[in-house]
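Read through the structure below, which is laid out as structure tokens, and then see the notes.
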Amino acid sequence: PKCLVKLNGETLLSRQIRVLRSEMIEDIHVVTGYLADQIKNLGLSTSYNKNFDRTNMVSSFFCAMEFIDSCKEDLIISYGDIVYDPENLRALLESSEEVSLMIDQNWKELWSLRIENPLDDAETLKLDENNLVTELGKKPINYDEIQGQYTGLIKIRADMLEKLVIFYKSLDRGGQYDGNDFSNMYMTSFIQLLINSGWNVKAVNVINGWLEVDTVADLTVYEKLAQRSELQKFYRS
């Protein structure tokens, strides 16, 4: 499983759990798929996406419906292939908006180390005068359409969780969502639907303090930076 890939000797999942617990977050639940037993054997609370090989992030997230329904506090959602510093998590926790997203303002410097042309892998992210997200997840034409990098760390306010489930259940199962069918909807597409329906989605702006591990090449870049004591500029934990 991708979240069990090791970065400098520690798995991505272990790094996330360590940071969450440093902020007194103990009620942690993992949605599993590929080689699920490797995660379940760690003693963690889990839900299993039996269709993991033909579905995407939103479908996986709502496989944890029982956990979501039981949640009485704010809910943190995190992709499994990222790591982040406690300061970034703390900033997200301090936001009181309906939905909050961790947004990296210095994303281009990190992307330039990973990808020859950062624009090839980037997505749009547009903000209004109140720092609310108006658009995300589309293919950008130029850098002016990217006011930050959506990182895959989200907070849903406790009083919005029931509404979130109702909204998800109301979506057209036969529809197309940014070119994907319902089961393969990206999280950015789902968030955009919330925005279009009038939800307030706040950008919690950070400068670095996180990494995405998408490829073996990413790991190589990060480990070389660590060897030169340069990784801490981007991620300190």
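The values are calculated or read from the model by the stated rules, or taken from the named source; none is laboratory data. Owing to the predicted nature of the structure, the values given are computational and were not obtained by experimental measurement. Neighbour counts run over all protein chains shown; Cβ positions are idealised from the backbone, glycine included. For accessibility, only protein heavy atoms count, side chains too; no ligands or nucleic acids. Shrake-Rupley method; radii C 1.70, N 1.55, O 1.52, S 1.80 Å.
What the table below lists for this structure:
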| item | result |
| --- | --- |
| Listed residues Phe52, Val5, Thr215: farthest to the positive end of the dipole of the chain (Cβ charges) | Val5 |
| Helix-only mean residue ellipticity at 222 nm for the chain, each DSSP H run of n ≥ 4 adding -39500 (n - 2.57), per residue, nearest 500 | -9000 deg cm²/dmol |
| Mean separation of Cα contacts under 8 Å, 6 or more apart, over the residue count of the range 17-76: relative contact order % | 28 percent |
| Given charges at beta-carbon only (K, R positive; D, E negative), |dipole| of the chain in Debye | 520 debye |
| At least 24 Å along the helix axis (C-alpha) and Kyte average at least 0.0, DSSP helices within the chain | none |
| The range 65-163, relative contact order [Cα under 8 Å, separation at least 6], % | 43 percent |
| For the range 152-217 and the range 1-72, distance of Cα centres in Å | 17 Å |
| Signed unit charges on C-beta, dipole axis of the range 133-205, positive-most listed residue Tyr186, Leu161, Thr134 | Leu161 |
| The range 24-81: trypsin sites (Lys or Arg not before Pro) in DSSP loop, at most 11 other beta carbons within 10 Å | Lys50, Lys72 |
| In the range 151-237, trypsin sites (Lys or Arg not before Pro) in a DSSP loop with at most 10 other beta-carbon atoms within 10 Å | Arg173, Arg228 |
| For the range 182-229, the spread of Cα positions along each principal axis, largest first, Å | 47, 28, 8 |
| The chain - accessible surface per residue (Å², probe 1.4 Å) | 50 Å² |
| Cα-based convex hull, the range 1-91, per residue volume (Å³, whole number) | 104 Å³ |
| Where GluC sites (Glu not before Pro) fall in DSSP loop in the range 76-117, at most 13 other Cβ within 10 Å | Glu116 |
| Cα convex hull of the range 136-178 - mean projected area over all directions, nm² | 4.5 nm² |
| Proximal charge balance of Thr32 [Cβ under 15 Å; K/R count +1, D/E count -1] | -1 |
| Whole-number percent relative contact order across the chain, with pairs defined as alpha carbons under 8 Å at least 6 apart | 25 percent |
| Summed side-chain charge close to Lys126 - residues other than Lys126 whose Cβ falls under 11 Å, Lys, Arg +1, Asp, Glu -1 | -4 |
| Rg(Cα) / (2.2 N^0.38 Å) computed for the range 46-176, rounded to two decimals | 1.15 |
| Mean projection area, nm², convex hull over Cα of the range 145-237 | 8.4 nm² |
| Intensity falloff of the range 105-170 expressed as log10 I(q)/I(0), Debye formula with alpha-carbon point scatterers, at q = 0.28 Å⁻¹ | -1.23 |
| Qualifying lysines (Cα of each under 27 Å from Cα of Lys108; at least 8 residues distant if same chain) | Lys2, Lys6, Lys126, Lys138, Lys139, Lys155, Lys202, Lys224, Lys233 |
